[in-house]
Amino acid sequence: MTRRRSWMSALLIAAVLAGCDGARPADTRQTLEQRRADLQAAVADNPKAIDERVELARVALRLGDGVAAAASVQAAIGAGGDESALRALLARAYALQGDGTRALETLDAGPIAPQAMGEAAWVAGNVHLDNGDLGAARDAFDRAVRELPRESALWVDVARFRDANADTLGARDAVDYAIELDKDNSAALAYKANLIRTEQGLNASIEWYDAALAADPDNADALIEQAATLGDLGRYRDMLGALRRAAAIAPGNPRIYYLQAVLAARAGNYRLARSLLQRTRGLMDGVPAFMLLSAIVELELGGEAVAATWADRLLAEQPNNMTARRVLAVADWAGGDADGAAEALIPVVDRDDADSWSLLLAGRVAAELGRRGEAADYLARAASLSRGDAAPFAVDNDYGFLSMAAEAEPLNPAKMIPAIAADIAAGQSGRAIERATELRDANRGVADAHILLGDAAMAGGQFEVAVRSYRAARDLDAGERTTLRLAHALFRAGDTAGSSAAILALRDSQPSSIAADRLAGHLAMDLEHWDQAIAHFERVRRRIGNRDVVVLRELSKAWAAKGDGRRATALIALAYRLQPLNAEIMRLYADRLADAGDIQSAADLRDKARQIGR
C-alpha cells in the first residue's frame, strides 16, 4: 500500500468511527436530512468524492436508512475507497436492513483494516445478539471493547447484551459508563431509563426518558418506550402525545400501532384496536403481549376461533400464562368447545390461589359436560372465597439423573434449576439451598439467581435467608415477581410492617400492578382507611371488571363503613350474582337490604345463608 493509500485509509476509518455514536442534540432529523441533501449534491458533481460518500453513508445510518447507507459505501469503494477500511461500515448497513446473514458474510469476504477491527467486531456482536447466539456475541463484544474501549455507543450495545444474559448489574455498569463517556448519548440515556423502569419502577424512569429526548428529540425508540411507560402509569393523554410524536419521526413503526391498539382496547374501542393491530403487518406476531392483546380483542368482537388461535400460539411459548389460559377457556366455551375450555382451565383451577371467576367458569363447563360432582367441587371452592388444595409437585422419576447432571455442571442454570426444583419436591431443601447458593455466587448480578435461592430457602423454612435473597433480587428488579416474594417472606419471618412497606413500595413504583393494588387494599381495610381501600380496589375493578367477588365484597364493606349504603348495596348485589351460594355474601347482602328497609328480602337471605352454612 502506498503512503497516499495508507493516509486515505486512515481518513476513511476515522470517518467511519466518527459516525458510530448517537446523534448529538444539534443533529436533529431536519439537520441530518439537510446534510444528506448537501452531500448528495457534492457526490453528484464529483465521482471521486470518496470521503463525502462515506459521510453520506454515516448520515444515512443515523437516519435509519440502511439501503442508502449500503449504496453510498459501495459507491465509495467503486470510486477507489479502501474496501478493507469500509467493509465494517457496509456490514453495519446490511445489519440495519435486518439482513444479519449478509452482514456477517461481508465481514468474512475479505481482509479488514487493523484500525477497523473494533467496528467489525461490534457489528458482528450485534448480529449474533439479534440471532440469539449469546456465546458468539460475547466473543465479538469482547474484541470490540478491546479495540474501542471508550466508544460510548458500543457500551450501550454491551449493556443490551448483558441484559439479554439477565446480568442486570453488568448492564447497569455498561450503560453508566456509556453515559460517563458521553452525557448526551440519547440511546444510552434511553437504555438507562429502561433499566431504571425495571429496577426502581415506572415513575423513576420518566426523568431518564426526558433526558434522552432532551439529548435527541428525534429518538423514536425513546418516545415509544416512554409512551409505553406513561400508559402503564395511566397517563393515557401523555401516552398518546408521545406516540403521535414517534409516528411523525418513524411512520409505520409496528410498536406504535400496537401501543395505539392498547389505548383503543382500554377505551373499549375494540374495532379500532383490531384495525391498528392489523397495521403491524405481522411484524409483531411473535411478541407475547401482542398475541395476548390480539386474543382479547378478537374475543370481545365475537371472533372466538381467532381468539383461541392467538391464545394457543401464546401458550405454546408461555404455558404458564394464566391470563392466556382464561382467554382460551372463554373462547373455547363460547365457541361450543366445552372439552377444550375444561382442558385450558386445568392448570388455573389446580392452583392453590385459583381465582373465583376461573373456578366458576370451570364449574359451569364441568356441568355442561355432565360432570356434576366436579362442577359442585369447583362451585364450592369458588363460594368459599378461600384457597383450595394445590396440585402436588410430582417428583421426577429421574431425580437421581437430574442431581448427577447438576453436580457435573454446577454453574449451568439449565442443569441446576431442574435439580433444585426436584430437591424441593423431594423435601431436600438443604441440598436445594446449597445448589442455589452456588449458582447465586456465580451470578450475583442476575436477579433470577437470587430469586432461586430465596425460593429454596422458603421451601426449607429459612425465612431470614429468603428475605436477604429477595432483597438482593429486588435491588436488581423491583417488579412484582421479586417484591411480592419479599413481602411474603417478611410476613412469614414475622415482620408484618416490613411486608406492608414492601407492598406499598411496589404500589408506588408500579402503579399498574393489580397485585400491589389488591394487597394494598387489604392493608387499608385492616387499618380502616376506607378511602385508600376504595381507591386501591377500584383501580383493580377498572382493570379486571366485576369478576372478582373479593374485590366487590371489600368495596361494599368500605362504602358501608363510610355510610354510603346505596353504593355498598349495589356492589354486594354484583357479588351475590357471581356467588349466589356463598353464605358470607348472603349475610352481607342481607345487612345492606335491611339497612335499606327491605326487611323481608333480608330475612329470606339470612335464612338461606343459615341453611347453606349447616
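The values are calculated or read from the model by the stated rules, or taken from the named source; none is laboratory data. In this text the structure is predicted, and so the values were computed from the model without any measurement. Virtual Cβ from ideal backbone geometry, glycine too; neighbours counted across all protein chains shown.
Going by what's in this entry, would Glu119 be described as in contact (Cβ under 8 Å) with a residue 60 or more places away in the chain, closer than 25 Å to Leu63 by Cα and out of contact with any Gly (no Cβ under 9 Å at 6 or more places or on another chain)? It would help to see each step written out before you state the result.
Details: in contact (Cβ under 8 Å) with a residue 60 or more places away in the chain: yes; closer than 25 Å to Leu63 by Cα: yes; out of contact with any Gly (no Cβ under 9 Å at 6 or more places or on another chain): yes.
Judged against the criteria, Glu119 is a match.
Answer with yes or no whether Ala311 is closer than 19 Å to Arg577 by Cβ, in a helix (DSSP H, G or I) and among the hydrophobic types (A, V, I, L, M, F, W, C). If you could, list the steps in order and put the result at the bottom.
On the way: closer than 19 Å to Arg577 by Cβ: no; in a helix (DSSP H, G or I): yes; among the hydrophobic types (A, V, I, L, M, F, W, C): yes.
For Ala311, the condition - closer than 19 Å to Arg577 by Cβ, in a helix (DSSP H, G or I) and among the hydrophobic types (A, V, I, L, M, F, W, C) - is not met.
For the structure I just gave you, tell me whether Gly363 is farther than 20 Å from Ala515 by Cα and surrounded by fewer than 21 Cβ atoms within 10 Å (Cβ to Cβ). Considered against the rule, which asks whether it is farther than 20 Å from Ala515 by Cα and surrounded by fewer than 21 Cβ atoms within 10 Å (Cβ to Cβ), Gly363 comes out as no.
Would you mind stating whether Leu213 is free of Cβ contacts under 8 Å to residues at least 60 places away in the same chain, surrounded by fewer than 23 Cβ atoms within 10 Å (Cβ to Cβ) and part of a helix (DSSP H, G or I)?
yes
When you go through Ala44, Ala121, Ala116, Ala85 one by one, which is the residue that is hydrophobic (A, V, I, L, M, F, W, C) and either surrounded by fewer than 16 Cβ atoms within 10 Å (Cβ to Cβ) or within 29 Å of the chain's Cα centre (by Cα) (or both)?
Criteria check complete, one pass: Ala44.
In region 564-614, counting only helices (runs of 4 or more DSSP H) that sit wholly within it, the ones holding 2 or more residues that are under 26 Å from Tyr378 (Cβ atoms) and more than 44 Å from the chain's Cα centre (by Cα) span 599-613. How do the pairs read when you match residues in region 127-149 that are closer than 21 Å to Tyr177 by Cβ and modelled with pLDDT of 95 or more with residues anywhere that are of a type in the set (Val, Ile, Thr) and part of a helix (DSSP H, G or I), using Cβ under 9 Å and keeping only pairs 6 or more apart or on different chains? Partner pairs satisfying both residue conditions: Ala137/Val127; Ala140/Val123; Ala140/Val127; Phe141/Val158; Ala144/Val123; Ala144/Val158; Val145/Val158. Within region 568-594, the residues that satisfy the criterion of being among the charged types (D, E, K, R) and surrounded by 15 or more Cβ atoms within 10 Å (Cβ to Cβ) are Glu584, Arg587, Asp591, Arg592. When each of Ala305, Ala242 is tested for being in a helix (DSSP H, G or I), free of Cβ contacts under 8 Å to residues at least 40 places away in the same chain and crowded, with 22+ Cβ neighbours inside 10 Å, the lone residue that passes is Ala242.
Do you know which residues across region 431-447 are crowded, with 19+ Cβ neighbours inside 10 Å and in a helix (DSSP H, G or I)? Matches in region 431-447: Arg431, Ala432, Ile433, Arg435, Ala436, Leu439, Arg440, Ala447.
Could you list, in sequence order, the residues of region 181-193 that are buried (at least 23 other Cβ atoms within 10 Å of the Cβ), in contact (Cβ under 8 Å) with a residue 24 or more places away in the chain and in a helix (DSSP H, G or I)? Let's see the steps before the verdict.
Start the filter on region 181-193 by keeping residues that are buried (at least 23 other Cβ atoms within 10 Å of the Cβ), which leaves 185-193.
Those still in the list that are in contact (Cβ under 8 Å) with a residue 24 or more places away in the chain too: 185-191, 193.
Those that are buried (at least 23 other Cβ atoms within 10 Å of the Cβ), in contact (Cβ under 8 Å) with a residue 24 or more places away in the chain and in a helix (DSSP H, G or I): Ser186, Ala187, Ala188, Leu189, Ala190, Tyr191, Ala193.
For region 406-417, check the following and say yes or no: at least one residue is modelled with pLDDT under 75, outside the structural domain of Ala334 (by TED's automatic domain parsing) and either among the acidic types (Asp, Glu) or in contact with a strand residue (DSSP E or B) (Cβ under 9 Å, 6 or more places away or on another chain) (or both).
Initially, region 406-417 is screened for residues modelled with pLDDT under 75, giving 406-417.
Still in the running and outside the structural domain of Ala334 (by TED's automatic domain parsing): 406-417.
Next, from what is left, pick out any that are either among the acidic types (Asp, Glu) or in contact with a strand residue (DSSP E or B) (Cβ under 9 Å, 6 or more places away or on another chain) (or both): 407, 409.
Within region 406-417 (the criterion being modelled with pLDDT under 75, outside the structural domain of Ala334 (by TED's automatic domain parsing) and either among the acidic types (Asp, Glu) or in contact with a strand residue (DSSP E or B) (Cβ under 9 Å, 6 or more places away or on another chain) (or both)), the answer is yes, since at least one residue qualifies.
Out of the residues in region 499-531 that are hydrophobic (A, V, I, L, M, F, W, C) and over 21 Å from Phe463 (Cβ atoms), which is nearest to the chain's Cα centre (by Cα)? Lay out the reasoning, then the answer.
Looking only at region 499-531, we keep the residues that are hydrophobic (A, V, I, L, M, F, W, C), and these are 501-506, 514-516, 519-520, 523-525, 527, 530.
Retained after the next criterion (residues that are over 21 Å from Phe463 (Cβ atoms)): 514, 516, 520, 524-525, 527, 530.
Details: Ile514: 15, Ala516: 17, Ala520: 22, Ala524: 29, Met525: 31, Leu527: 33, Trp530: 33 Å.
Result: Ile514.
Here Asp51 meets the list (1) at pLDDT below 95; (2) touching a helix residue (DSSP H, G or I) at 6+ places or on another chain (Cβ under 7 Å); (3) among the charged types (D, E, K, R); (4) within 22 Å of Ala220 (Cβ to Cβ) almost entirely, failing just condition (4). Before we move on, is Pro111 under 22 Å from Arg53 (Cα atoms), surrounded by fewer than 21 Cβ atoms within 10 Å (Cβ to Cβ) and either without any contact (Cβ under 8 Å) to a residue 24 or more places away in the chain or in contact with a helix residue (DSSP H, G or I) (Cβ under 9 Å, 6 or more places away or on another chain) (or both)? Yes, satisfied. Within region 183-205, identify whether any single residue is outside the structural domain of Ala449 (by TED's automatic domain parsing), under 15 Å from the mean Cα position of the chain (by Cα) and among the aromatic types (Phe, Trp, Tyr), and answer yes or no. Yes. Across region 545-567, which residue is farthest from Arg587 (Cα to Cα) among those that are of a type in the set (Val, Ile, Thr) and surrounded by 22 or more Cβ atoms within 10 Å (Cβ to Cβ)? Across region 545-567, the extreme among qualifying residues is Val551.
Those residues that are basic (Lys, Arg) and surrounded by fewer than 19 Cβ atoms within 10 Å (Cβ to Cβ), I need them from region 91-108; list them, please.
Arg102
Of the numbered criteria (1) surrounded by fewer than 19 Cβ atoms within 10 Å (Cβ to Cβ); (2) closer than 20 Å to Leu169 by Cβ, the one Arg197 fails is (1).
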